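The values are calculated or read from the model by the stated rules, or taken from the named source; none is laboratory data. Predicted model only: the values in this text are computed from it and were never measured. Ideal geometry is used to build each Cβ from the backbone, glycine not excepted, and the neighbour counts take in all protein chains shown.
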Amino acid sequence: MIKYLENSEDFEKEIQSGKVLVDFYADWCGPCQALGQILEELEGVPVLKINVDTFAEIAQEFGVMSIPTIILFQDGEQVKKNVGLVSLEELKNFVGL
């Protein structure tokens, strides 16, 4: 399930329980668009997409310097971080599927 962050107040609530994969992206980013298509094939982990142009403060808080960046959260805590485009297989390994 892919969800787009609509306001920064919802961020903590969205990552609070279970595994959540957060995708930091921008509409103008080619690799981000490619990753978006791969994320649509991922099943078993909810995905929260955060536009870095809209929510720069959240991106800065998590040290996002390049996009796409994906961060895996477990019960609100950052577990893993990856920068760059990954394949579906790499993505499944990243989230532990």
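Which pairs do you get when a residue that is under 16 Å from Q78 (Cβ atoms) and at pLDDT below 95, found in the stretch 1-16, comes within reach of a residue that is among the polar types (S, T, N, Q) and outside any strand (DSSP E or B), reach meaning Cβ atoms under 9 angstrom, with the pair 6+ apart or on two chains?
none
Pick from the stretch 66-76 the residues that are more than 10 Å from F24 (Cα to Cα) and not aromatic (F, W, Y): which of them is surrounded by the most Cβ atoms within 10 Å (Cβ to Cβ)?
My answer is L72.
Could you tell me how many of the residues in the stretch 26-51 are exposed (fewer than 15 other Cβ atoms within 10 Å of the Cβ) and under 20 Å from Q16 (Cα atoms)?
Residues flagged as exposed (fewer than 15 other Cβ atoms within 10 Å of the Cβ) and under 20 Å from Q16 (Cα atoms) within the stretch 26-51 amount to 2.
Show the residue pairs that are 6+ apart or on different chains and have beta-carbon atoms under 8 Å apart, the first residue being within the stretch 77-97 and in a helix (DSSP H, G or I) and surrounded by 15 or more Cβ atoms within 10 Å (Cβ to Cβ), the second being at pLDDT 95 or above and of a type in the set (S, T, N, Q).
Listed by first residue and then by second, the contacts come to F94/N82.
Which numbered condition in (1) surrounded by 13 or more Cβ atoms within 10 Å (Cβ to Cβ); (2) in a helix (DSSP H, G or I) is the only one that E57 fails?
The failed condition is (1).
In the stretch 1-39, what residues are within 21 Å of E89 (Cα to Cα) and hydrophobic (A, V, I, L, M, F, W, C)?
Matches in the stretch 1-39: M1, I2, V20, L21, V22, F24, C32, A34, L35, I38, L39.
Does any residue in the stretch 49-68 that is on the phi < 0 side of the Ramachandran plot and acidic (D, E) come within less than 9 Å, Cβ to Cβ, of a residue that is in a loop (DSSP other than H, G, I, E, B) and at pLDDT 95 or above six or more places away or on a different chain, and which pairs are these?
Hits for this filter: D53/A26; D53/D27; D53/W28.
Restricting attention to the stretch 3-25, which residues are of a type in the set (D, E, K, R), surrounded by 12 or more Cβ atoms within 10 Å (Cβ to Cβ) and in a helix (DSSP H, G or I)?
Those that are of a type in the set (D, E, K, R), surrounded by 12 or more Cβ atoms within 10 Å (Cβ to Cβ) and in a helix (DSSP H, G or I): D10, E14.
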